[in-house]
Amino acid sequence: MNPFRKNPPVDLKMTRYKVQNPVLLLLGMFLLTACAGLPRINAVDAALASKTIKVCETAFPDGKWQFAHVIEASFPGGREAQLIGVTEVSSHPERIHAVMMTIEGLVLFDGLKDDKLTINRSITPFDSIGFAKGLMEDIRLIFLKPDGEPIDAGITENGFEVCRYRVSNDAVVDVMVRPDHMLEIRKYTNERLIRKVVAELSPGSVPEKINFTAHKPAEYRLNLRLISGEQITD
Amino acid sequence: MGEWFEMVRNRLTRTLWSIWPAMCVVLFFITVPCAGSGDWDRIREKAIDIQTISARFVQEKHLEILIKPLISKGAFYFKAPGSLRWEYFSPIQSLLLMHDGKVRRFVGSESGFKEDAGPGLQAMEMVLQEITRWLKGEFTDNPDYHSSLEGDNKIVMVPRNKSFSKIIQKIEILLSDRPGVIETVTIYEGKTSFTKIRFQDVDINQGVADTLFESIP
């Protein structure tokens, strides 16, 4: 018996349904809405899930690394800019030091994020806390594995190994390891895609080419090309 | 984000403009006899004979965070009265052209060179006026910098404007033992943050084709 229908319709065009149980209807709508933005992860057996989780963990540089990239930024309207970015990341303890400079070597931003955010140097408009926070979050998304254990692990509709992490109350991050040493990271907030990273990895999980797309709240694209990548041993 | 982008462009333009007087001094001093005599007038007289300059450069970026300096390489060409080509080959391909009163900037990417036609270019045209003045040896007249000779072969330029000095603390120009050749230019942002440009293969008055200021890769 269909709980949402009391009398069967005579004319589909004139159909009106009388809802028997509005609570169930609301619950159904909620469930549909909740799942609408996140891609499906096909379940796998425990052994394969465990293997997938390990693959996701090794897709990120481990320890302390320093990278220098050429950054090509594209904004709506066809506007573009080129910068050089130097990033030092440490997985344990978690620490990010980021410097952005012009081609001529002028430092526009120098910031450090460990247990607090420190701005060493910034030139307007890079001197806002909002910019610094956003930059550090984006760098963390690209170079460091999400915290904690995944809430799900399996295979995507396209057959890629994927791990899903909950990074906050309203945000999840999907880490997909694609064939040919490609890594894809997607961040969803309230099930809406806000960040997408596609990285070409070299041995040691060093990201050589990175395509970064920001969807919300502002749209922009970054293409990062590796100049140098070195592991630092203290 | 659009307003932010425009602010970035305008800020970079003003900053670049603050650097260019120093670069003019570089271009000027790259061709003059050793300034150890401390005679600004004699240096100014020698500037009249400069018609063309060509050189390669290696740029080292030093930062406390860097394990080793970040290296960029390029070349520049100058032809009197006001044609300039400042080109980076690596790690970024970038080209700045000034010719026939026009300024054009190009940035290289995987799909080739793209022209950057932002509002900053208008400021670059004004900088050209300044370049021409410097190349006549009138560098001490620039109100934005205090220039001094230290020892036999070092010129030090310090911004007078406090807002500029927060971006660039000072510029040091080291003259080579070879008369008329600059060895290095160092731009200090702080004690541990500086950019050093080393000039190589400097040719003076050897002829520079106009096509260098008209063509892009």
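Before we move on, is residue A:197 in contact (Cβ under 8 Å) with a residue 24 or more places away in the chain, part of a strand (DSSP E or B), more than 14 Å from chain B (Cβ to nearest Cβ) and touching a Phe, Trp or Tyr at 6+ places or on another chain (Cβ under 6 Å)?
Against the criterion (in contact (Cβ under 8 Å) with a residue 24 or more places away in the chain, part of a strand (DSSP E or B), more than 14 Å from chain B (Cβ to nearest Cβ) and touching a Phe, Trp or Tyr at 6+ places or on another chain (Cβ under 6 Å)), residue A:197 qualifies.
So how many residues does the stretch A:88-145 have that are of a type in the set (D, E, K, R) and under 19 Å from residue A:197 (Cα atoms)? Full working, then the answer.
Let us first name the residues in the stretch A:88-145 that are of a type in the set (D, E, K, R), namely A:88, A:94-95, A:104, A:110, A:113-116, A:121, A:127, A:133, A:137-138, A:140, A:145.
Next, from what is left, pick out any that are under 19 Å from residue A:197 (Cα atoms): A:88, A:133, A:137-138, A:140, A:145.
So the answer is 6.
In the list A:230, A:208, which residue meets the criterion of being within 14 Å of chain B (Cβ to nearest Cβ), touching a strand residue (DSSP E or B) at 6+ places or on another chain (Cβ under 9 Å) and without any contact (Cβ under 8 Å) to a residue 24 or more places away in the chain?
Answer to the check: A:208.
Taking residue A:118 as the residue in question, decide whether it is within 15 Å of the chain's Cα centre (by Cα) and of a type in the set (S, T, N, Q).
no
Specify the residue that is farthest from the other protein chains (Cβ to nearest Cβ); the eligible residues are those in the stretch B:168-217 that are touching a Ser or Thr at 6+ places or on another chain (Cβ under 6 Å) and buried (at least 20 other Cβ atoms within 10 Å of the Cβ).
Out of the qualifying residues, it is B:213.
Of all residues in the stretch A:215-227, which are free of Cβ contacts under 8 Å to residues at least 24 places away in the same chain and more than 10 Å from chain B (Cβ to nearest Cβ)?
Across the stretch A:215-227, the qualifying residue is only A:215.
When you go through A:95, A:79 one by one, which is the residue that is among the basic types (Lys, Arg), surrounded by 13 or more Cβ atoms within 10 Å (Cβ to Cβ) and within 11 Å of chain B (Cβ to nearest Cβ)?
Sole residue among the options that is among the basic types (Lys, Arg), surrounded by 13 or more Cβ atoms within 10 Å (Cβ to Cβ) and within 11 Å of chain B (Cβ to nearest Cβ): A:79.
Check off (1) in contact with a helix residue (DSSP H, G or I) (Cβ under 7 Å, 6 or more places away or on another chain); (2) part of a strand (DSSP E or B) for residue A:61 and give me the number that stays unchecked.
(2) is the only condition that residue A:61 fails.
Of everything in the stretch B:142-172 that's in a strand (DSSP E or B) and in contact with a Lys or Arg (Cβ under 7 Å, 6 or more places away or on another chain), which residue is farthest from residue B:61 (Cα to Cα)?
B:146
Residue under question is residue A:204, and the condition is that it be closer than 19 Å to residue A:50 by Cβ, out of contact with any Asp or Glu (no Cβ under 6 Å at 6 or more places or on another chain) and part of a loop (DSSP other than H, G, I, E, B); does it hold?
On the way: closer than 19 Å to residue A:50 by Cβ: no; out of contact with any Asp or Glu (no Cβ under 6 Å at 6 or more places or on another chain): yes; part of a loop (DSSP other than H, G, I, E, B): yes.
Considered against the rule, which asks whether it is closer than 19 Å to residue A:50 by Cβ, out of contact with any Asp or Glu (no Cβ under 6 Å at 6 or more places or on another chain) and part of a loop (DSSP other than H, G, I, E, B), residue A:204 comes out as no.
Filtering the stretch A:99-111 down to residues that are in a strand (DSSP E or B) and facing chain B (nearest Cβ under 9 Å), which residue is nearest to residue A:73 (Cα to Cα)?
Restricting to residues being in a strand (DSSP E or B) and facing chain B (nearest Cβ under 9 Å), the top hit is A:101.
Please go through the stretch A:179-193 and give me each residue that is part of a strand (DSSP E or B) and surrounded by fewer than 17 Cβ atoms within 10 Å (Cβ to Cβ), ordered by number.
Once the filter is applied, which keeps residues that are part of a strand (DSSP E or B) and surrounded by fewer than 17 Cβ atoms within 10 Å (Cβ to Cβ), the stretch A:179-193 yields A:182, A:192, A:193.
Mind listing whichever residues of the stretch A:120-153 are assigned to a strand (DSSP E or B) and modelled with pLDDT of 95 or more?
The answer is A:152, A:153.
Here are some residues: A:59, A:132. Which one is away from chain B (no Cβ under 13 Å), buried (at least 20 other Cβ atoms within 10 Å of the Cβ) and farther than 25 Å from residue A:176 by Cα? Even if it seems obvious, please write down each step before you answer.
Numbers: A:59 fails: farther than 25 Å from residue A:176 by Cα.
Answer to the check: A:132.
Picking from A:180, A:152, A:170, which residue would you name as being farther than 26 Å from residue A:71 by Cα and without any contact (Cβ under 8 Å) to a residue 24 or more places away in the chain?
Result: A:170 is the single residue among A:180, A:152, A:170 that is farther than 26 Å from residue A:71 by Cα and without any contact (Cβ under 8 Å) to a residue 24 or more places away in the chain.
If we keep just the residues of the stretch B:66-106 that are within 9 Å of another protein chain (Cβ to nearest Cβ), aliphatic (A, V, I, L, M) and buried (at least 19 other Cβ atoms within 10 Å of the Cβ), which is nearest to residue A:100 (Cα to Cα)?
Only one residue tops the list, namely B:70.
The values are calculated or read from the model by the stated rules, or taken from the named source; none is laboratory data. What you see is a predicted model, and the numbers here were worked out from it, not measured in a lab. Reconstructed Cβ throughout: ideal geometry from the backbone, glycine too, with neighbour counts over all protein chains shown.
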